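All remarks here apply to the structure that follows.
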Amino acid sequence: MSAVVQKIATALGETETVPLETIERVVDVIGEEKALAILDETLQVEAEGGMLTNDGQQRRSPGGVYFKLVKLQTPSKERQAIFAPAWAAAAKPVEPVTWEDSEHLSNEALESEKGEASIVKVTIIGRPGRVIEKGNVVITSMQNSKAPALPKGLPKPPDDPTTYVIYIALKQWEKIKDSVLNNTNDKLIIEGYPRFDRRIGKQGAMTIFALNATSKLTQQGQRRGR
């Protein structure tokens, strides 16, 4: 504790940790000269009868008077640094996590104990590629390159395409087949379980096993029929 902080604390009768730390921040932020000048004002206010609290119900302590005068005589940024240091630190700009950072962070997450996902489901909306029917299954594929607008702070992935191979039960496909294949403005809506398959393509692809398959025009027709 500096000599100036000690002098102010002694004059105000402050001995507890929190007010002492606040006095230290006052001196650090506004400087010794101004901090001592406000102390002189405080002692003058005390000599003239003191200062009431905001509700007018009781008299402030000497420390309360001092801190009130500090607040009245400092700009907002300095007040925050003195009286809300944790908030002020949190308000400072944070370096964004880049896509390059995410590689290290992802590996770090994988090195620690992994949680357990009880339910995993994704939604894919778009036009199918070539449609292959095999037994009771229909297989098609889609690609996506551009990420949507992500919440602030998340790393933006590059525009490299991600390939999805989609398996749809023939029974579900038959209900939407004509609408999807005969209307170029219709789009598949797939809700499914994802699993990355390293066996397919050059570097593997995300395989989606459809739990539910419909299309935009099919949904619109159902709503009109209600």
- line: Scanning segment 114-130 residue by residue, those without any contact (Cβ under 8 Å) to a residue 60 or more places away in the chain and either in a strand (DSSP E or B) or of a type in the set (Gly, Ala, Ser) (or both) turn out to be Gly115, Ala117, Ser118, Gly129
message: Just to be sure before I move on: is Ala205 closer than 13 Å to Thr140 by Cα and at pLDDT below 95 in the structure I sent?
response: yes
- line: Across segment 84-112, the tally of residues that are at pLDDT 85 or above and either in contact with a Ser or Thr (Cβ under 6 Å, 6 or more places away or on another chain) or in the same structural domain as Val18 (by TED's automatic domain parsing) (or both) stands at 0
query: If you go through segment 187-209 one residue at a time, do you hit one that is buried (at least 16 other Cβ atoms within 10 Å of the Cβ), out of contact with any Asp or Glu (no Cβ under 9 Å at 6 or more places or on another chain) and either free of Cβ contacts under 8 Å to residues at least 60 places away in the same chain or not assigned by TED's automatic domain parsing to the domain that holds Ile124 (or both)?
result: no
query: How many residues, within segment 186-226, are over 12 Å from Ile166 (Cβ atoms) and of a type in the set (Val, Ile, Thr)?
result: 3
message: Out of everything in segment 140-157 that is loosely packed, with under 14 Cβ neighbours inside 10 Å and within 22 Å of Ile208 (Cα to Cα), what residue ends up being modelled with the highest pLDDT?
response: Gln143
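The values are calculated or read from the model by the stated rules, or taken from the named source; none is laboratory data. A quick note: this is a predicted structure, and the numbers were derived from the prediction, not measured. Counting neighbours? That spans all protein chains shown, and the Cβs are built from the backbone with ideal geometry, glycine included.
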